[in-house]
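*Asks:* Have a look at this one.
Computed from the coordinates by the stated procedures, all read-outs in this text should not be read as laboratory data. Being a predicted model, the structure only gives us computed values, none of them experimental. Cβ: placed from backbone, ideal geometry, glycine included. Neighbour counts: every protein chain shown.
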Amino acid sequence: MILKKLAVLNYKNIAQAELEFSDKINCFIGQNGEGKTNLLDAVYFLSFCKSATNSIDSQNIRHDEEFFMVQGSYEREDGEVEDIYCGLKRRQKKQFKRNKKEYKRLAEHIGLIPLVMVSPSDSELISGGSEERRRFMDMVISQYDREYLESLVRYNKALMQRNVLLKQEEEPDEELMALWEEMMAQEGELIFAKRTAYIEEFIPIFQDIYSRISMGREKVGLSYVSHCQRGPLLDVIRRDRAKDRVMGYSLHGVHKDDLEMTLGGFLIKREGSQGQNKTFLIALKLAQFDFLKRTGSRTTPLLLLDDIFDKLDADRVEQIVHLVAGDNFGQIFITDTNRDHLDSILAKMNHGYKLFRVQGGEVSL
């Protein structure tokens, strides 16, 4: 998939921009806070129907404006054109259209335009809670497996309803409680199976990419941890219902799953240097790209690299540049404050590129 044109109006600090992109490399240069990341976020919005940095849609409208609009014209591998439109007015529901036809459910759009974004906020994958790591798994699997996404929606609905019952002062209705627990267990077992299969296939890809970036200096690992590994999920959920009543929420289920990340056999959040952590995260995301390319729609994802070279030594930067300059990657969008980094990448490319300057929310060639 190639993003040929992007039109942005009143999105964050971007008042107006109409851009035509190179099929391979597109670089945005500018100081911090000028709007480089906001442009990438607009591209992200068109893939996932939401911002990567702010989940409250109305807060992405430019200050003192009443609406925002983001529109992209894409070209598929078969040459077909996909026009994607998103518009939002304050206090109204956002509109999302594919080729001028509005979606009935936004979930129908997920996976059409696969995308991988690497950004400084990815550090939460290591330092943050398990929710961040579950979101990482969900983000990948949902882009190639519609059944998984629908199962996740049903599981979360059952979880929310069970938690409502747990918070009641009076004893909850037994039949209703059993109904939601059975739905949690049924959907949770499916989610667990698909997460397990994904991680097993993902690990060697990730380890190979990390080894190439670090030039074999360190060994890394991933380990999936789930309550489903303790036995039938329905039994696990019901076993501690009394404790759940005291707490007022569900203590067990796939909503508590985690992904342990290790460096040299130890948790990386305790052992890793800044450079090692950054390498780990970049390897995770590049492996995500490789995985998505080979699954689902088999469409080459867009790759968004937002200020990724900070805290990395020259050797690791060179290895990353060598990786993304290869034919395995399709269209790439890169932001940086350092022109030297971009020149290093462009010098190794045999493809066309465009370099944009971003200042005060305005974009120029």
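*Asks:* Using only the alpha-carbon atoms, how far is helix 130-144 inclined from the longest principal axis of the chain? Give it as 0 to 90 degrees, nearest 10.
*Replies:* Long axis of 130-144 versus the principal axis of the chain: about 70 degrees.
*Asks:* Still on this model: Contour minus end-to-end for Arg339 and Asn54, with contour as 0.36 nm per residue of separation and end-to-end as the Cα-Cα distance?
*Replies:* So the chain would gain 99.8 nm between Arg339 and Asn54.
*Asks:* Counting only pairs 8 or more residues apart or on different chains, how many lysine pairs in the stretch 123-296 have their Cα atoms under 22 Å apart?
*Replies:* 17
*Asks:* Let me ask something else. Just order 94-101, 69-76, 138-145 by mean Cβ neighbour count inside 10 Å, highest at the front, would you? Working shown, then result.
*Replies:* Details: 94-101: 13.1, 69-76: 19.0, 138-145: 20.8.
Descending mean neighbour count gives 138-145, 69-76, 94-101.
*Asks:* Given an 8 Å cut-off on Cα distances and at least 6 residues of separation, report the relative contact order of the stretch 123-296 as a percent. Walk me through the numbers before you get to the answer.
*Replies:* Values: 209 pairs, mean separation 53.1, N = 174.
RCO, the stretch 123-296: 31 percent.
*Asks:* Using the Cα centre of the chain as the reference point, and only Cβ charges (+1 on K/R, -1 on D/E), how large is the resulting charge dipole? Debye, rounded to the nearest 20.
*Replies:* 380 debye
*Asks:* Oh, and also: Suppose each label sits 7 Å from its Cα in the direction of the beta carbon; what would the His63-Lys269 distance come out to in nanometres?
*Replies:* With each label placed 7 Å out from Cα toward Cβ, I get 3.5 nm.
*Asks:* Which order do peptides 19-30, 242-253 fall in by mean Cβ count within 10 Å, highest first?
*Replies:* Highest mean packing first, the order is 19-30, 242-253.
*Asks:* What does the extension gain come out to for Lys311 and Glu171, with contour length at 0.36 nm per residue minus their alpha carbon separation?
*Replies:* Additional length available on full extension: 45.0 nm.
*Asks:* Here is a further query. Read through the labelled values [x] 32, 28, 18; [y] 37, 27, 18; [z] 32, 23, 19 and report the label of the one computed as semi-axes √(5λ) of the Cα gyration tensor in Å from the structure.
*Replies:* [y]
*Asks:* Taking the simple approach of a point 7 Å from Cα along Cα-to-Cβ for both Glu77 and Gln186, what is their distance in nm?
*Replies:* Reported label-point gap for Glu77 and Gln186 is 3.6 nm.
*Asks:* For the chain, what does -39500 (n - 2.57) per DSSP helix run (n ≥ 4), summed and divided by total residues, give at 222 nm, in deg cm²/dmol to the nearest 500? If you can, show how the numbers build up before the last one.
*Replies:* Working: 11 runs with 154 residues, N = 365.
About -13500 deg cm²/dmol.
*Asks:* Moving on to the next point. Less than 14 Å from a label point 7 Å out along the Cα-to-Cβ axis of Arg245: which backbone N atoms in the stretch 129-167 qualify, by residue?
*Replies:* 165-167
*Asks:* Nothing charged except the Cβ atoms of Lys and Arg (+1) and of Asp and Glu (-1): what's the magnitude of the dipole of the stretch 123-296 about its Cα centre? Round to the nearest 20 debye. Working shown, then result.
*Replies:* Details: 26 positive and 29 negative charges, 179 e Å.
Charge dipole, the stretch 123-296, about its Cα centre: 860 debye, nearest 20.
*Asks:* Sticking with this structure for a sec: Between rounded, prolate and oblate, where does the stretch 123-296 land on the alpha carbon gyration tensor, with a ≥ b ≥ c its root eigenvalues, rounded for a/c under 1.5, else prolate if a/b exceeds b/c?
*Replies:* In terms of gyration-tensor shape, prolate.
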